[in-house]
Amino acid sequence: MNLPRKLKRKTRVLAACASFKGTLSSRQAGQAVARGLKALGVRTEVVALADGGEGLVEALARAVPGAKLCSTVCHGPLGERRRAKFALLPPGAGRKAKTAVLEMAASSGLPLVPERKRDPKRTTTWGVGEQVRAALDKGARAILLGIGGSATNDAGAGMAQALGARLLDAEGRDLPPGGAALLRLKKIDLARMDRRLRHVPVTVACDVENPLCGPRGASAVYGPQKGATPADVRLLDRALANFARVTKRDLGKHVRNVRGAGAAGGLGAGSLAFLNARLTPGIELVLDAVGFDARVRGADMVVTGEGMLDRQTLMGKAPAGVAFRAKKARVPCAAIGGGVDRIALAQLKKVFAQVESLSAFAGSPAKAKARAAFWLEQLARARGAAWLAATRGKRRS
């Protein structure tokens, strides 16, 4: 179905997707949507986004004039050597000093671990500490750390150890990597922690609001997708609770029930404890950095999306942030998920004007994942005219 000629000339759409993890980057997803809408004669602007996970470095490096991309050698979730990119942003636009933008997913992300090897009892955030140290070595005087998409459940213990902290057991031995080891944590010693961190403010871009422990905590909610069995979840939750107790006693930091402390397997809590960080919704930082509010003004529709649309989407993820900003501008927002949780569909429809499942459109999750860009383009082409027709009357409602 093509758009009427009169509508073609006036129609402008903003494609502002998050990454479809392990399949498409934010920009690739947006470009696929744009190609589909272009076939209908619709002018589409692509905005690369991230909510604290994969794509944060790219989004800010592209959005900020004078940004510089760097890389460092670090260790992955299972100790393997790899390279991680980060960005250095010059002072300006609210930044008082040279700011490093880091993604924990670049060193400790879930896609870096083959499914058969996923085990959050063993995976470590050591590489995140190495990224922080590399940024300090490059002269960063402020750090923005995105902590979405992790393979880990170690509360940032590995990160802290890489930066000089000692996490000790009852015999005074340094703990080995992984979340399970935190069950044996008896003492935290920060005497050898990198002193430069005392003068470098750290902001953590956090895409969820979960506490550290309990039924909504890091282990219970996110452990299974990282390879944890039900028994592992119980063990890891006890380990994080022990970490919280020792952190409170030795560092005077109360991290257990802080909103966002459970992000990235407890790296939110670890950032509070070891980096004196401030947790903030990542998507809000990025939307401000890319000038989303100015870009959305006058648009007829926004198209957003991510790998899975579910209840977590509405808890600080990028598509929800986009929808709320679009609503303020009175612009309807359609959302595409690689998959859509049917249980959450009613809630999703309260936030998004249209909700689409790429898997359903392609015929199966496997087909959608194998040719994600193709199916995104085809979906936008097939449904774009109907989206615009359905939402045009809502533009100023």
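Each value in this text was obtained by applying a stated rule to the coordinates, not by laboratory testing. Given the structure is predicted, the values throughout are model-derived calculations rather than measurements. For neighbour counting, all protein chains shown are included, and Cβ atoms are generated from backbone atoms with ideal geometry for every residue, glycine included.
Please arrange Cys74, Cys213 by how many other C-beta atoms lie within 10 Å of their C-beta, fewest to most. Present the calculation step by step, with values, prior to reporting the outcome.
Values: Cys74 23, Cys213 26.
Neighbour counts put them in this order, fewest first: Cys74, Cys213.
Within a 10 angstrom radius of the beta carbon, how do Val258, Val46, Val57 rank from fewest other beta carbons to most? Intermediate values should be presented prior to the final figure.
Working: Val258 17, Val46 20, Val57 24.
With the fewest neighbours first, Val258, Val46, Val57 line up as Val258, Val46, Val57.
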Quiz item: Volume per residue, Å³, of the convex hull around the alpha-carbon atoms of the stretch 56-283?
Solution: 107
Quiz item: Across 5 Å bins from the origin, how do the percents of Cα pairs in the stretch 133-257 run, short distances first?
Solution: 2, 10, 18, 22, 20, 16, 8, 2, 0
Quiz item: If you work out Kirkwood radius over Cα pairs in Å from the coordinates, which of [x] 21.4; [y] 26.6; [z] 22.4 do you get?
Solution: [x]
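Could you please rank Met315, Met159, placing first whichever residue has the fewest other Cβ atoms within 10 Å of its Cβ?
Details: Met315 14, Met159 31.
Ordered by Cβ neighbours within 10 Å, fewest first: Met315, Met159.
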Exercise. Scan the chain and hand back the longest stretch that contains none of the GluC sites (Glu not before Pro) lying in DSSP loops with at most 11 other Cβ atoms within 10 Å.
Key: 172-397
Quiz item: Size of the dipole of the stretch 288-354 about the Cα centre, Lys and Arg at +1 and Asp and Glu at -1 on the beta carbon, nothing else charged, in debye to 20?
Solution: 260
Quiz item: Could you work out the helix-only [θ] at 222 nm for the chain, with each DSSP H run of four or more residues adding -39,500 (n - 2.57) and the total divided by the number of residues, to the nearest 500 deg cm²/dmol?
Solution: -11000 deg cm²/dmol
Quiz item: Taking the Cα-to-Cβ direction at Ala170 and at Ala97 and moving 7 Å from each Cα, how far apart do the two end points lie in nm?
Solution: 4.2
Quiz item: How do 320-326, 286-292 rank on mean C-beta neighbours within 10 Å, highest first?
Solution: 320-326, 286-292
